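Q: Supplied in structure tokens, the structure appears directly below.
The values are calculated or read from the model by the stated rules, or taken from the named source; none is laboratory data. It should be emphasised that the depicted structure is a prediction, and the values quoted were computed from it without experimental measurement. For neighbour counting, all protein chains shown are included, and Cβ atoms are generated from backbone atoms with ideal geometry for every residue, glycine included.
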Amino acid sequence: MYNILVGGAAGQGIDTTVSILEKLLKRSGYYIFTTRDFMSRVRGGHNFSLLRFGTEEITSHSYILDGIIALNEETIELHKDKLNKKGFILCDSSLEYSDPDLNIIKIPMTQIAKELGNIRASGSVAVGAVLKLFGEPFSYVEEVMTSQMKDKILEVNVKAADAGYKSVESLFEHLEGGFSDYMLISGSEALGLGAVAGGLKFYAAYPMSPSTAVLEYLASVGNSAKVLVEQAEDEIAAVNMALGASFAGARAMTGTSGGGFCLKVEALGFSGIAEIPLVVVDVQRPGPATGLPTRTEQSDLKFVVSASQGEFPRMVIALRTQEDAFYQTARALNLAEKYQIPIILLSDQYLGDTTACVKPYDVSKISMVNYDTETEGDYLRYRLTEDGISKRLIPGKTKHLVAADSDEHDERGWITESATVRNQMVEKRMKKLDGLCDELLEPEFMGAENCTTLLLGWGSLSGPLKEAVQTLNRNGGSYGALVFGDIYPLPQKQLKKYTEGRTLINVEQNATGQLASLIRGETGIACHDSILKYDGRQITGEEIVAQLLEGGQKS
Amino acid sequence: MSEFKTYETAWCPGCGNFSILNSLKTALEELGKSPHEVLMLGGIGQAAKTPQYISANSFCGLHGRALPAAVAAKIANEDLTVIVNSGDGDSYGEGGNHFIHNIRRNVNIAHFVHDNQIYGLTKGQASPTTAEGHVTVVQTEGNINAPLNPMLLALASGAGFVARGFSGDAKQLTAIMKAAIEYPGYAYVDIMQPCITFNKINTFAYYKNAVKPLPEDYDPSDKLEAMRIAMGLDDKIPTGIIYREDKPDFHKKHVLLKDGKPLLDQERDKGVLDNLIHSFI
């Protein structure tokens, strides 16, 4: 497995370089895992991407580097201490940085690009050089660049890559991997694609980091996928538009980050009482308020499980991987339709912006649920039923009249203050949870069945936990992990099975241990220790290992 | 006989909403609409209860949020006749942002604002259109905030259909409503109405005396004249269609909707999903 860092200032072309490089390496057979660490600014500052590639599944980023592609001196200063002994630094000849202890490879990238007639092709010089350094063939460059670039700049970039390729000698060996036919996709793209697969017809959102990638992906495919994407005037409009579209029969979703979710909260309860299917995506970032806009955190869990006044059934699904982001988004849209409830998808910046290899999605695994098209006799939109689910007809598609009301209402959907009807309606709505709880997905267990220490985590910590457990057990440890996807209502079978008699440590990307608190509140099971990180940077598998071996923080 | 029935209402006897509701029913009947083709939406307030009181599809949403739900319902299914009934508080206060931006969006819906210049449901506080000096339970020294001029705001924001009606002139109001429902775009009508319980200043007699229908030869395509009228410089409050401009609405401009097939009936071409998945390989 190899790991390289591409760093520089915002606006220097890090993303383009990395996105071409990761596709080339995947084309060559590697499994790819690329994380993005960037500041909330358009120019300047320090941004970097970590591109990890190997011949087996990779689930976490790492700060142990084989190479640094430095677009400025600051990148070298900040990251040189993380280099392996054999590691290299690749930079432009114009950088004056020198250090006899480091293997600094300088090539005149800017000059080469200038001579080829396009100074912006300097990144392709670096791409070519990296390929050679890792012993990769040059043969896929044109194919991959063709898919990434406009025709008029293609030739100069291929030439630039060729020049870079010829300017260095190989340092590492090519490793043979079997992942060239895997997908390479970010969490936010996977979420958007999953929504398309789940029958999405309408998406409204207001741009907000780090959820904007979902909006932009859906906008890019909307015309062919027949999804109408509307940028709303604010977050409240976005969610109320989703509700209006959903009521009228178009499967609808809205997406945002925590701050925008705050604004959508009243509508969440409206979805609950009016029983209008709704999926709300929260791509979490560190809060409160504006917080750290482009960074990551898992601190909205306790907020979203209780957001909005009053009581109503809801479901919260934490997305763990690029695979989950696809399948669980499609499932959320279908469960929202089936139970006529709001469903919240919790992603975060780490998952959303990380690109990883994933087995091509199998659409046949998605089971579609559709609204009712007609009914016999009198139609009661909120008919009291055994399972709490009433037939949902679509206004205008039936001669029956369809009502939705944010007030408490009777079976017809008309406003009421009857104590009896109020009780019946509260009970009807909450009853839907019985059916939902029967189809909850238990958390994924990873590691040693007979482990002595059980780690508990959720969402995007899945990957780092997986790597940590593998590393620990490979070195004689006895660890397991339970990682929650469906998180509210809290699935409890695995918890009961695996927690008894074990040391329980919750590992979370927040300051207060929100999963531990939820588990304790729902089951009485208490964690003994916790590892918590809330600096806006995702914990790595290696950091989890180190903290466990040093002894976890006391909770 | 109208197909549109009135259900039991909870408005005060003598409320201007009754005649607005009657005009609405007449307008829908005269346009040949059937209840199942019509979707009535409201936010929160006395006016926003209108969808509860008429036999049509109904969506009684959140305070101030009827417009986003309404335009999205129309985007989902353009076969629906979509009408928002809400008050001055709902439309201009809590929902003010949606008012401005849905003028820009220009989705084909009708928006009837029952404007009684007071909060009725919450019992008598100042609304965005309450006159300066008006003493209320909250504005105890008299309202010191300048009233909003929603007509001028709508015109300045680019609304293509701007009208003002009066609940006491049912004939004119019905005609305005019909034109608004037929207008292919966002049609905005501010309807002055007395609140007999909480507004003792803008009473029926006050409005009756204050309004004056626009002359028959008035040209609603003249935007400058419309803005002059909307500024309220004249002694009387002009009623009628103040401005009307024919321009493409949201559906006509949207690549997915311009062919006239409702969004919810559009099927994805076979293979699209597979192609999208494949694009990541």
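Q: Give me a count of the residues in segment B:233-266 that are within 25 Å of B:ASP190 (Cβ to Cβ) and not aromatic (Phe, Trp, Tyr).
A: Summing the residues that are within 25 Å of B:ASP190 (Cβ to Cβ) and not aromatic (Phe, Trp, Tyr) in segment B:233-266 gives 17.
Q: Taking the residues in segment A:25-61 that are within 24 Å of A:SER211 (Cα to Cα) and of a type in the set (Ser, Thr, Tyr) as candidates, determine which candidate is modelled with the lowest pLDDT.
A: A:SER40
Q: In addition: Sort out which residues of segment B:203-230 are under 21 Å from the mean Cα position of the chain (by Cα) and more than 30 Å from B:GLY14 (Cα to Cα), and write them in order of number.
A: The answer is B:PRO220, B:SER221, B:LYS223, B:ALA226, B:MET227.
Q: Residue check: is A:ALA232 touching a Phe, Trp or Tyr at 6+ places or on another chain (Cβ under 8 Å) and either facing chain B (nearest Cβ under 10 Å) or surrounded by fewer than 24 Cβ atoms within 10 Å (Cβ to Cβ) (or both)?
A: Judged against the criteria, A:ALA232 is a match.
Q: For segment B:72-81: of the residues being within 7 Å of chain A (Cβ to nearest Cβ) and in contact (Cβ under 8 Å) with a residue 12 or more places away in the chain, which is surrounded by the fewest Cβ atoms within 10 Å (Cβ to Cβ)? Steps first, please.
A: Just the residues of segment B:72-81 that are within 7 Å of chain A (Cβ to nearest Cβ), to begin with: B:72-73, B:75-77, B:79-80.
The next check asks that each one be in contact (Cβ under 8 Å) with a residue 12 or more places away in the chain; those that pass are B:73, B:75-77, B:79-80.
Working: B:ALA73: 29, B:ILE75: 30, B:ALA76: 29, B:ASN77: 22, B:ASP79: 16, B:LEU80: 24.
Step by step, filter segment B:72-81, then rank; the result is B:ASP79.
Q: For A:LEU454, work out the one condition from (1) in contact with a Gly (Cβ under 6 Å, 6 or more places away or on another chain); (2) under 30 Å from A:ILE505 (Cβ atoms); (3) without any contact (Cβ under 8 Å) to a residue 40 or more places away in the chain it doesn't fulfil.
A: (3)
Q: Still on this structure, I have one more. Which one of A:THR296, A:THR321 is in contact (Cβ under 8 Å) with a residue 40 or more places away in the chain, closer than 20 Å to A:PRO491 by Cβ, polar (S, T, N, Q) and buried (at least 24 other Cβ atoms within 10 Å of the Cβ)?
A: A:THR321
Q: Touching a Ser or Thr at 6+ places or on another chain (Cβ under 6 Å) and of a type in the set (Val, Ile, Thr), is that true of A:VAL545?
A: yes
Q: A further question follows. Got at least one residue in segment A:405-418 being outside any strand (DSSP E or B), within 14 Å of chain B (Cβ to nearest Cβ) and farther than 30 Å from A:GLU376 by Cβ?
A: Scanning segment A:405-418, I find at least one residue that is outside any strand (DSSP E or B), within 14 Å of chain B (Cβ to nearest Cβ) and farther than 30 Å from A:GLU376 by Cβ, so the answer is yes.
Q: Among the residues of segment B:44-70, count how many are under 14 Å from the mean Cα position of the chain (by Cα) and either facing chain A (nearest Cβ under 7 Å) or of a type in the set (Ser, Thr, Tyr) (or both).
A: Within segment B:44-70, residues that are under 14 Å from the mean Cα position of the chain (by Cα) and either facing chain A (nearest Cβ under 7 Å) or of a type in the set (Ser, Thr, Tyr) (or both) number 5.
Q: Is it fair to say B:ARG104 is surrounded by fewer than 24 Cβ atoms within 10 Å (Cβ to Cβ) and either under 29 Å from A:VAL227 (Cα atoms) or within 14 Å of another protein chain (Cβ to nearest Cβ) (or both)?
A: Values: surrounded by fewer than 24 Cβ atoms within 10 Å (Cβ to Cβ): yes; either under 29 Å from A:VAL227 (Cα atoms) or within 14 Å of another protein chain (Cβ to nearest Cβ) (or both): yes.
In short, yes.
Q: I'd like the full set of residues that are at positive phi and free of Cβ contacts under 8 Å to residues at least 40 places away in the same chain, limited to segment A:335-394.
A: The answer is A:GLY377, and nothing else.
Q: Let me ask you something else. Out of the residues in segment B:176-191 that are of a type outside the set (Gly, Ala, Ser) and farther than 21 Å from B:ILE100 by Cβ, state the one that is surrounded by the fewest Cβ atoms within 10 Å (Cβ to Cβ).
A: So the residue we want is B:GLU182.
Q: If you don't mind, there's one more thing I want to ask. So is A:GLN309 modelled with pLDDT of 95 or more, in a helix (DSSP H, G or I) and among the polar types (S, T, N, Q) or not? Before you say what the answer is, go through the steps one by one.
A: Working: modelled with pLDDT of 95 or more: yes; in a helix (DSSP H, G or I): no; among the polar types (S, T, N, Q): yes.
No, not satisfied.
Q: Right, next: Name every residue in segment A:353-404 that is away from chain B (no Cβ under 12 Å) and small (Gly, Ala, Ser), in order of residue number.
A: A:SER367, A:GLY377, A:GLY388, A:SER390
Q: Identify the single condition in (1) in contact with a Phe, Trp or Tyr (Cβ under 7 Å, 6 or more places away or on another chain); (2) part of a loop (DSSP other than H, G, I, E, B); (3) farther than 21 Å from A:ALA245 by Cβ that A:ARG320 does not satisfy, given that it satisfies every other one.
A: Answer for A:ARG320: the failing condition is (1).
Q: Scan segment A:172-220 for residues that are in a loop (DSSP other than H, G, I, E, B) and away from chain B (no Cβ under 14 Å) and jot them down.
A: A:PHE172, A:GLU173, A:HIS174, A:LEU175, A:GLU176, A:GLY177, A:PRO207, A:MET208, A:SER209, A:PRO210, A:SER211, listed by residue number.
Q: Report yes if some residue within segment B:52-60 is touching a residue at least 24 places away in the same chain (Cβ under 8 Å), under 24 Å from B:TYR119 (Cβ atoms) and aromatic (Phe, Trp, Tyr); otherwise report no.
A: yes
Q: Right, another one. Filter segment A:85-121 down to the residues that are buried (at least 17 other Cβ atoms within 10 Å of the Cβ), of a type in the set (Ser, Thr, Tyr) and at pLDDT 95 or above and list them by number.
A: None; the set is empty.
Q: If you don't mind, there's one more thing I want to ask. Can you go through A:THR420, A:THR398 and tell me which one is outside the structural domain of A:GLU543 (by TED's automatic domain parsing), surrounded by 15 or more Cβ atoms within 10 Å (Cβ to Cβ), over 32 Å from the mean Cα position of the chain (by Cα) and among the polar types (S, T, N, Q)?
A: A:THR398
Q: Right, next: Could you tell me whether segment B:82-99 includes any residue that is surrounded by fewer than 24 Cβ atoms within 10 Å (Cβ to Cβ), within 8 Å of chain A (Cβ to nearest Cβ) and in contact with an Asp or Glu (Cβ under 8 Å, 6 or more places away or on another chain)?
A: Yes - at least one qualifying residue is present in segment B:82-99.
Q: Another one. Suppose we filter segment A:243-277 for residues that are within 24 Å of A:TRP414 (Cβ to Cβ), within 11 Å of chain B (Cβ to nearest Cβ) and in contact (Cβ under 8 Å) with a residue 12 or more places away in the chain; how many remain? Step through it out loud before you land on a result.
A: Here is the first cut: in segment A:243-277, the ones within 24 Å of A:TRP414 (Cβ to Cβ) are A:243-249, A:266-277.
From what is left, the residues that are within 11 Å of chain B (Cβ to nearest Cβ) are A:243-249, A:266-271, A:273-274, A:276.
Right, trim to in contact (Cβ under 8 Å) with a residue 12 or more places away in the chain and you get A:243, A:245-249, A:266-271, A:273-274, A:276.
Adding up the residues that qualify gives 15.
Q: Still on this structure, I have one more. Mind listing whichever residues of segment B:1-17 are outside any loop (DSSP other than H, G, I, E, B), surrounded by 17 or more Cβ atoms within 10 Å (Cβ to Cβ) and either among the small types (Gly, Ala, Ser) or more than 16 Å from the chain's Cα centre (by Cα) (or both)?
A: B:GLY16
Q: Is one or more of the residues making up segment A:301-308 buried (at least 17 other Cβ atoms within 10 Å of the Cβ), in the same structural domain as A:GLY194 (by TED's automatic domain parsing), in contact (Cβ under 8 Å) with a residue 12 or more places away in the chain and touching an Asp or Glu at 6+ places or on another chain (Cβ under 8 Å)?
A: Looking through segment A:301-308, at least one residue is buried (at least 17 other Cβ atoms within 10 Å of the Cβ), in the same structural domain as A:GLY194 (by TED's automatic domain parsing), in contact (Cβ under 8 Å) with a residue 12 or more places away in the chain and touching an Asp or Glu at 6+ places or on another chain (Cβ under 8 Å).
Q: Next question. Scan segment A:524-549 residue by residue and report those that are part of a loop (DSSP other than H, G, I, E, B), over 20 Å from the mean Cα position of the chain (by Cα) and surrounded by fewer than 20 Cβ atoms within 10 Å (Cβ to Cβ).
A: In the first step, residues of segment A:524-549 are kept if they are part of a loop (DSSP other than H, G, I, E, B); the result is A:524-528, A:533-540.
Right, trim to over 20 Å from the mean Cα position of the chain (by Cα) and you get A:524-528.
If the condition is that a residue be part of a loop (DSSP other than H, G, I, E, B), over 20 Å from the mean Cα position of the chain (by Cα) and surrounded by fewer than 20 Cβ atoms within 10 Å (Cβ to Cβ), then A:GLY524, A:ILE525, A:ALA526, A:HIS528 are the ones that fit.
Q: Let me ask something else. If you go through segment B:5-26 one residue at a time, do you hit one that is at the interface with chain A (Cβ under 7 Å from one of its Cβ atoms) and out of contact with any Phe, Trp or Tyr (no Cβ under 8 Å at 6 or more places or on another chain)?
A: No; the residues of segment B:5-26 include none that is at the interface with chain A (Cβ under 7 Å from one of its Cβ atoms) and out of contact with any Phe, Trp or Tyr (no Cβ under 8 Å at 6 or more places or on another chain).
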